[in-house]
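The values are calculated or read from the model by the stated rules, or taken from the named source; none is laboratory data. Because the structure is a prediction, the values reported are computed rather than measured. Ideal geometry is used to build each Cβ from the backbone, glycine not excepted, and the neighbour counts take in all protein chains shown. These area figures cover heavy atoms from the full protein model, side chains too; ligands, DNA and RNA do not enter into them. Shrake-Rupley method; radii C 1.70, N 1.55, O 1.52, S 1.80 Å.
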Amino acid sequence: MTPLARRTAPPASRTASFVSRVAAGAASGAVRVFLVLAGLFWLLPTIGLLVSSLRSSSDIAAGGWWQVFAAPARLTTENYAHLLANETITGSLVSTVLITVPATLLVLALGSFAGYAFAWLDFPGRDWWFLAVVALLVVPVQVALVPVSKLFGAVGLFETTLGVVLFHTAFGLPFAIFLLRNFFAEIPRELLEAARLDGAGEIRLFTRVVLPLGGPAIASLGIFQFLWVWNDMLIALIFADSQSPPITVALQQQVRQFGNNVDVLAPGAFVSMVVPLVVFFAFQRQFASGVMAGAVK
């Protein structure tokens, strides 16, 4: 080998580094492909339901939704026109929103106040009260159905939207207080003391310091609470107004009364499914931040 060839030949370490970079790139590419495939597999039922909601009743009865690839021109939006014409389904969507939004906001507000109080305020029996809150986490919803039904019947809240909201709020608060108290307790004490030295009271300290720092945890809690209330059927089936039930109960009633009413069931089920997905993807960054913060702490 000539001296010029020896000077231009790549060193062994450079070759090894190049090989390691190629291997790392291939590995990361394989991971990305796997994640994309896993995501598509997770979304497959939603895609199938979307396609079914765009097919006619005769096409649905003739075969599975994947047959649409053979005749994509047969897709139609008439099912959604039938859905909008069905007063039971449209009214149930309104009822679901009127239940889910207040139940979520109440849990976030009350849970934030209680979590801050348990984390940074001194009051008699604070640890014992917090232990009682933690103990409520293990109480199943089914245990409270009969006594709460009698209580709501006595005070006039049975089969009302307010009764469903209060039930969801009561059973969502223990987890909310437990989660937010642990998150707020990790805020540096020096930061709160500095704010107090600047003249900040408890309300201002809570709104200006604690809430902005606890935003990821509050957003994560909001997503969990929203999904739980929106997708609930047991509590809505028992406590909601039978004349204006939530979407889960309304779809169940459609199946029971009109077993072949697929042109309404398919788009209604898709709308019921897509709303939580939109909420989750809209707040996915806050959700990931809250989960990672909780894992690190």
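By how many nm would the segment from Q142 to Q252 grow when fully extended, if each residue of separation counts as 0.36 nm and the alpha-carbon distance is taken off?
Values: separation 110, 0.36 × 110 = 39.60 nm, distance 2.00 nm.
Residue separation times 0.36 nm, minus the Cα-Cα distance, leaves 37.6 nm.
Can you give the FRET efficiency for V274 and W129, using 1/(1 + (r/R0)^6), R0 = 45 Å, r = Cβ-Cβ distance, to the nearest 0.05?
0.65
Taking the mean number of other Cβ atoms within 10 Å as a proxy for protection, how do you rank 31-43, 51-63 from highest to lowest?
In descending order of packing, they fall as 51-63, 31-43.
Quick check on packing: order 206-215, 103-112, 144-153 by the mean number of other C-beta atoms within 10 Å, highest mean leading.
Taking the mean over residues of other Cβ atoms within 10 Å, the ranking is 103-112, 206-215, 144-153.
How large is ³J(HN,Hα), in whole Hz, for each residue of the stretch 104-117 in order, when computed from phi with the Karplus curve 6.51 cos²θ - 1.76 cosθ + 1.60 and θ = phi - 60°, using x for Gly and Pro?
6, 5, 5, 5, 5, 5, 5, x, 5, 4, 5, x, 5, 4
Using a 1.4 Å probe on the protein heavy atoms, what percent of the accessible area of the stretch 85-131 belongs to carbon and sulfur?
Carbon-and-sulfur percentage of accessible area, whole number: 75.
Taking R0 as 22 Å, what's the FRET efficiency between T90 and M233 from their Cβ-Cβ distance, rounded to 0.05?
Working: r = 19 Å, r/R0 = 0.85.
Once the sixth-power term is evaluated, E becomes 0.70.
Please give the FRET efficiency for L40 paired with K150, using the beta carbon to beta carbon distance and R0 = 51 Å, rounded to the nearest 0.05.
The calculated FRET efficiency here is 0.60.
Can you give the net charge of the other residues whose Cβ lies under 12 Å from the Cβ of P267, counting K and R as +1 and D and E as -1?
Computed value for this residue: -1.
So how far apart, in nm, are the two label points at V33 and T77 if each is 7 Å from Cα heading toward Cβ?
Using points 7 Å along Cα→Cβ, the separation is 3.8 nm.
Whole-Hz Karplus ³J(HN,Hα) for the stretch 211-216, in order, using 6.51 cos²θ - 1.76 cosθ + 1.60 and θ = phi - 60°, x for Gly and Pro?
Going residue by residue, I get 4, x, 6, x, x, x Hz, with x marking Gly and Pro.
Could you order the peptides 194-204, 160-170 from most to least packed, using the average number of other C-beta atoms within 10 Å per residue?
160-170, 194-204
Where only protein heavy atoms count, and the probe is 1.4 Å, what is the accessible area per residue for the stretch 98-165 in Å²? Walk me through the numbers before you get to the answer.
On the way: 3890 Å² over 68 residues.
Roughly 57 Å² per residue, with all protein chains present.
Net charge within 15 Å of V165 by Cβ-Cβ distance, Lys/Arg positive one each and Asp/Glu negative one each, not counting V165 itself?
Numbers: positive: none; negative: E159, D232, D241.
So the surrounding residues net to -3.
Quick one: Karplus J couplings for the stretch 128-142, per residue in order, coefficients 6.51, -1.76, 1.60, θ = phi - 60°, nearest Hz, x for Gly and Pro?
Ordered by residue, 3J(HN,Hα) equals 5, 5, 5, 5, 5, 5, 4, 5, 5, 5, 8, 7, x, 4, 4 Hz.
Test of understanding: what is the full-extension gain from D122 to A185, defined as 0.36 nm times their sequence separation minus their Cα-Cα distance?
Here the segment from D122 to A185 would lengthen by 21.4 nm.
At 7 Å along the Cα-to-beta-carbon direction for both E202 and L110, put a label point, then send me their distance in nm to one decimal.
If labels sit at E202 and L110, their model points lie 1.9 nm apart.
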